[in-house]
Amino acid sequence: MNTQSPPKHRKVKGVVALLEKYGIDADEIRWESYSGDYMFGRTSPLAFIAPFYPDGEVGKTLRKRGFSADNMGKQFVYYLYR
């Protein structure tokens, strides 16, 4: 169970409701810092793994909100830069 509060970041507003609308449980969302390839030490205030393709309906919505996506095999990690 995720006990952390969502970060106070303008692009995070409404993301939880959007993900829950498409079947992602809020307890599966990670508010921890994420640092992936080519981030060069920068971290993300919000990262989560989801089955949404970046070119699909939900992926496009998340990308319009400023999220980037990396392939994690059968799923994708979506994240924001700080």
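Structure notes:
- Residues in the range 42-69 that are touching a residue at least 40 places away in the same chain (Cβ under 8 Å), more than 11 Å from the chain's Cα centre (by Cα) and part of a loop (DSSP other than H, G, I, E, B): R42 alone.
- Checking each residue in the range 39-68 for being modelled with pLDDT of 90 or more and in contact with a Gly (Cβ under 8 Å, 6 or more places away or on another chain) picks out only Y53.
- Of all the residues in the range 18-38, those that are more than 21 Å from K74 (Cα to Cα) and either of a type in the set (S, T, N, Q) or at pLDDT 85 or above (or both) number 1.
The values are calculated or read from the model by the stated rules, or taken from the named source; none is laboratory data. It should be emphasised that the depicted structure is a prediction, and the values quoted were computed from it without experimental measurement. Here the Cβ is made from the backbone with ideal geometry for all residues, glycine too, and neighbour counts use every protein chain on show.
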